[in-house]
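Undergrad: The structure's right below; bear with me while I get my questions together.
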Amino acid sequence: MTKILITGGAGFIGANFVHLYARKHPENKIVVLDKLTYAGNLENLTALEVNPNYKFVQGDIADLSFVSDLFETEKFDVVVNFAAETHVDKSIESPDDFVRTNVIGTHNLLMAAKDNGLIRFHQISTDEVYGDLGDTEGTFFHEKMAYDPSSPYSASKAAADLLVNSYFRTFQLPVTISTCSNNYGPYQFPEKLIPYFYKLASEGQSLPLYGDGKNVRDWLYVEDHCEAIDQIIEKGRLGETYCIGGNNEKQNIEIVRLILEYVGASENLITFVEDRKGHDRRYAIDSSKIKNDLGWEPSVTFEEGIQKTLNWYKENESWWKDLLAKHNRI
C-alpha cells in the first residue's frame, strides 16, 4: 500500500487527478492538502468523502513548520505537487504571492521529502517556463529547451523546477517534473479562458479578448493530463522532465467562436482589448518523449473534449455561480 500526498488537490487539475488516482489505485491512501484559496474548492472532492482511504488537510505549503509536522506525522511514500498560484494577470498585479507559494512552498515540500526518507516527488510545471514560440510554425517546446519565462508566474514555476532538479542532483531525491500545455475540462475556476468566456457568453455579456485574438495555445483535456502524470509516477525515469501536450493548437479567437456557437450567441459579443503585458504569442508541445518512453498519448480529441467541457459547465451552473458568489466575483 502506498500513501500519496497530493498538494493543491482541491483545485482544477489536482481534483481531477485525485479522482483518477482513487479510481486506478483504490488500495492506496490519499491525503489531499490544499490552502483553499479562491481556486480551491472542497466541493470538487465531495464524492471522495465516503472513501476510507481519503483524507483532506487544509494548510499552506509556504508554512514550513506546518509542512514539516505533516510529513513527520503522515509518513508519505509519494508527493505530487499541484499547489500553485497560476493566473498570469494576477502575477503581474501581485508577484509576491507567486514567489511565496510557487517557490518557497515548493522548496518547503522538497526539504520535507528529503528529511523524511527521500520521498518520491513529482512536480507539476507548465509549458510557460519555456517562454514564447512566436509566430514560427513547426517549432515546439521540448525537454531540452532552455527556460525563458515571460511573466512572474512562469518565472516562479521555472525557479521551482530548478530547485526540484537541484534536489535530485545534490541530495538524490527521487524526482520527476512534467510541463503541460493549456488544460481544459471540469472544475476549472471561471477566471480562465474557456469557463470565463462560457459564463460571459451564456449571460449575453461582452467577451474581452486580448490583442487580435490570434495567440495560439495547445489544448490538453485534463483527464489525459492526469493519466500522463499517473504514468510518470509509476514508470518515469527519475531526474527527468516530461512534456505533456494535447496536439491541439488553436487560436484564442477560435476557442471563443466555439463557445459562442455552443451557447447560440453572436460574435458581436467579442470585444478586442489591450493586450496583456508580455503576452506570449504561441505555445506548442512536442510530446514524443513521453510517448516513446511511457507509451502515453492523448486519447480525447479536442472536438470531443470541448463538447464534454461545455456540457459540464452548462449542467453544473450552480457550481460555478456559487463559487463566484462565494468569492464576490459575480
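The values are calculated or read from the model by the stated rules, or taken from the named source; none is laboratory data. Keep in mind that this is a model prediction, so the values were computed, not measured. We place every Cβ from the backbone using ideal geometry, glycine too, and count neighbours over all the protein chains shown.
Undergrad: For segment 141-151, enumerate the residues that are surrounded by 20 or more Cβ atoms within 10 Å (Cβ to Cβ) and either under 16 Å from the mean Cα position of the chain (by Cα) or farther than 20 Å from ASP89 by Cα (or both).
TA: PHE141
Undergrad: Do we find that ASP293 is among the charged types (D, E, K, R), part of a helix (DSSP H, G or I), surrounded by fewer than 20 Cβ atoms within 10 Å (Cβ to Cβ) and modelled with pLDDT under 95 in this structure?
TA: The answer is no for ASP293.
Undergrad: Hey, another quick one. Just checking, how many residues over segment 142-175 are charged (D, E, K, R), farther than 12 Å from THR241 by Cα and touching a helix residue (DSSP H, G or I) at 6+ places or on another chain (Cβ under 7 Å)?
TA: Result for segment 142-175: 2.
Undergrad: Could we say that LYS157 is of a type in the set (D, E, K, R), in contact (Cβ under 8 Å) with a residue 12 or more places away in the chain and either within 26 Å of ASP224 (Cα to Cα) or surrounded by fewer than 18 Cβ atoms within 10 Å (Cβ to Cβ) (or both) here?
TA: Yes, satisfied.
Undergrad: Let me ask something else about it. Where in segment 59-141 are there helices (runs of 4 or more DSSP H), lying fully within it, with 3 or more residues that are without any contact (Cβ under 8 Å) to a residue 40 or more places away in the chain and in contact with a helix residue (DSSP H, G or I) (Cβ under 9 Å, 6 or more places away or on another chain)?
TA: Those helices (runs of 4 or more DSSP H) do not exist here; none qualify.
Undergrad: Hey, does segment 2-19 have a residue that's surrounded by fewer than 16 Cβ atoms within 10 Å (Cβ to Cβ), over 24 Å from LEU324 (Cβ atoms), at pLDDT 95 or above and β-branched (Val, Ile, Thr)?
TA: yes
Undergrad: A further question on this structure: Provide a single number: the residues in segment 95-134 that are small (Gly, Ala, Ser), over 20 Å from the mean Cα position of the chain (by Cα) and modelled with pLDDT of 95 or more.
TA: Total satisfying the criteria: 3.
Undergrad: Report yes if some residue within segment 162-174 is β-branched (Val, Ile, Thr), modelled with pLDDT of 95 or more and over 19 Å from PHE12 (Cβ atoms); otherwise report no.
TA: Scanning segment 162-174, I find at least one residue that is β-branched (Val, Ile, Thr), modelled with pLDDT of 95 or more and over 19 Å from PHE12 (Cβ atoms), so the answer is yes.
Undergrad: If a residue counts only when it is touching a strand residue (DSSP E or B) at 6+ places or on another chain (Cβ under 9 Å), under 24 Å from VAL99 (Cβ atoms) and β-branched (Val, Ile, Thr), which strands (runs of 3 or more DSSP E) contained entirely in segment 144-214 have at least 3 such residues?
TA: Hits in segment 144-214: 175-180.
Undergrad: Assess whether LEU294 counts as being touching a residue at least 60 places away in the same chain (Cβ under 8 Å), farther than 28 Å from SER150 by Cα and touching a Gly at 6+ places or on another chain (Cβ under 7 Å).
TA: Criteria met by LEU294.
Undergrad: Between a residue in segment 23-47 that is closer than 21 Å to PHE66 by Cβ and of a type outside the set (D, E, K, R) and any residue that is modelled with pLDDT under 95 and surrounded by fewer than 17 Cβ atoms within 10 Å (Cβ to Cβ), which pairs come within a Cβ distance under 6 Å, given they are 6 or more apart or on different chains?
TA: Matching pairs, first to second residue: TYR38/HIS327.
Undergrad: Considering every residue within segment 271-286, establish whether at least one is among the polar types (S, T, N, Q) and in a helix (DSSP H, G or I).
TA: no
Undergrad: If we scan segment 25-41, do we find a residue that is touching a His at 6+ places or on another chain (Cβ under 9 Å), among the small types (Gly, Ala, Ser) and more than 26 Å from LYS90 (Cα to Cα)?
TA: no
Undergrad: Among the residues of segment 210-269 satisfying the criterion of being free of Cβ contacts under 8 Å to residues at least 24 places away in the same chain and farther than 29 Å from ASP135 by Cα, which is surrounded by the most Cβ atoms within 10 Å (Cβ to Cβ)?
TA: Among those that are free of Cβ contacts under 8 Å to residues at least 24 places away in the same chain and farther than 29 Å from ASP135 by Cα, it is GLU234.
Undergrad: Please tell me if ALA201 is of a type in the set (Gly, Ala, Ser), at pLDDT 95 or above and buried (at least 17 other Cβ atoms within 10 Å of the Cβ).
TA: Answer is yes for this residue.
Undergrad: Which of the residues that make up segment 38-83 are at pLDDT below 95 and within 19 Å of SER125 (Cα to Cα)?
TA: If the condition is that a residue be at pLDDT below 95 and within 19 Å of SER125 (Cα to Cα), then ALA39, GLY40 are the ones that fit.
Undergrad: Taking segment 270-290 only, how many residues are out of contact with any Lys or Arg (no Cβ under 9 Å at 6 or more places or on another chain), surrounded by 14 or more Cβ atoms within 10 Å (Cβ to Cβ) and at pLDDT 95 or above?
TA: Count: 6.
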